[in-house]
Amino acid sequence: MLWLVMLLLSADSFWEAKPPMEWTDVELSQILADSPWAQMAAQPGKAQVGKNAGQGQLVQVYLVTAAPIAKAVSERERRIELRRPGTAKALADDPLSEERSAWLADNREGHIIVAARIGDNGNAFSSGPETRRMEQDTAIDLGRLRIKLSAYFPPTRTDPHLYLAFPRQPVTDSDKIVTFELYLPGVPGPYRTVTFKVKDMLIDGKVEM
């Protein structure tokens, strides 16, 4: 039995073992919700590394700029277009989504970007106090360094995600964990804390963020 345990431990994860087009729908959903780069975040509770205890509305949070997530998002969009032709055109016709996509394409190398699926809370983002609170309280905590939010894109009618961008700083395996402290306007109990283990985000020896 020991050889079986060792084999299972050494087996590559599906995102390393096969290309995105071969992932099942379940695997595609998993990498965007429960993987080294994605979590379903509850209100802060008892801290657990790699997980989030707490209560309240669960919010899907993932690292947009991590290569496995970028591939997953691209594959998700491909499958949606196959099943619902015309979806890509609707996205292209949305000026806010188009502006966001252009900014992300131009700035992903210099930023760490997370997406939080909070729905189209347009009213929340028209509130000055709410957006100021988000700008003040949202940050990356590396322990040795705190990185403040530098840009954001609210949800639109065609995309339910809030995108949060932070200036990219070197992250190494000596950092152990990366914690995102988020304030999400329009979400009941708007604070969320998401912690990722650096060692789990290594791909070919490089931290993918």
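Of all residues in segment 169-192, those satisfying the criterion of being under 11 Å from Ile140 (Cβ atoms), buried (at least 18 other Cβ atoms within 10 Å of the Cβ) and under 15 Å from the mean Cα position of the chain (by Cα) are Val178, Phe180, Leu182. Checked against (1) under 26 Å from Pro95 (Cβ atoms); (2) touching a helix residue (DSSP H, G or I) at 6+ places or on another chain (Cβ under 6 Å); (3) basic (Lys, Arg), Arg168 passes all but condition (1). Looking only at residues of segment 99-150 that are of a type in the set (S, T, N, Q) and within 17 Å of the chain's Cα centre (by Cα), we find that the one that is nearest to Lys176 (Cα to Cα) is Thr138. Screening Thr158 against (1) buried (at least 16 other Cβ atoms within 10 Å of the Cβ); (2) touching a residue at least 60 places away in the same chain (Cβ under 8 Å); (3) touching a Leu at 6+ places or on another chain (Cβ under 6 Å); (4) of a type in the set (Ser, Thr, Tyr) leaves a single unmet condition, (1). Screening Asn107 with (1) in contact with a strand residue (DSSP E or B) (Cβ under 6 Å, 6 or more places away or on another chain); (2) free of Cβ contacts under 8 Å to residues at least 60 places away in the same chain gives one miss only, at (1).
I need every pair where a residue in segment 44-70 that is on the phi > 0 side of the Ramachandran plot has its Cβ under 6 Å from the Cβ of a residue that is at pLDDT 95 or above and assigned to a strand (DSSP E or B), sequence separation at least 6 or different chains. That search, which allows pairs on different chains as well, returns Gly50/Lys197. For Ser13, the conditions (1) modelled with pLDDT under 95; (2) buried (at least 18 other Cβ atoms within 10 Å of the Cβ) are fulfilled apart from (2).
Here is a yes/no grid of residues against (1) at pLDDT 90 or above; (2) within 20 Å of Ala116 (Cβ to Cβ); (3) touching a Lys or Arg at 6+ places or on another chain (Cβ under 6 Å):
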residue: Glu27; (1), (2), (3): yes, no, no
residue: Gln48; (1), (2), (3): no, yes, no
residue: Leu58; (1), (2), (3): yes, yes, no
residue: Val64; (1), (2), (3): yes, yes, no
residue: Val73; (1), (2), (3): yes, yes, no
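Annotation note: Cβ proximity below 9 Å between a residue of segment 176-190 that is closer than 21 Å to Arg146 by Cα and a residue that is among the polar types (S, T, N, Q) and part of a strand (DSSP E or B) (sequence gap 6+ or interchain) occurs for Ile177/Thr195; Val178/Thr195; Thr179/Thr193; Thr179/Thr195; Phe180/Thr193; Phe180/Thr195; Glu181/Thr193; Leu182/Thr193.
The values are calculated or read from the model by the stated rules, or taken from the named source; none is laboratory data. Values in this document were obtained by computation on a predicted structure and should not be read as measured data. Positions of Cβ are generated from backbone atoms using ideal geometry, with glycine treated the same way; all protein chains shown enter the neighbour counts.
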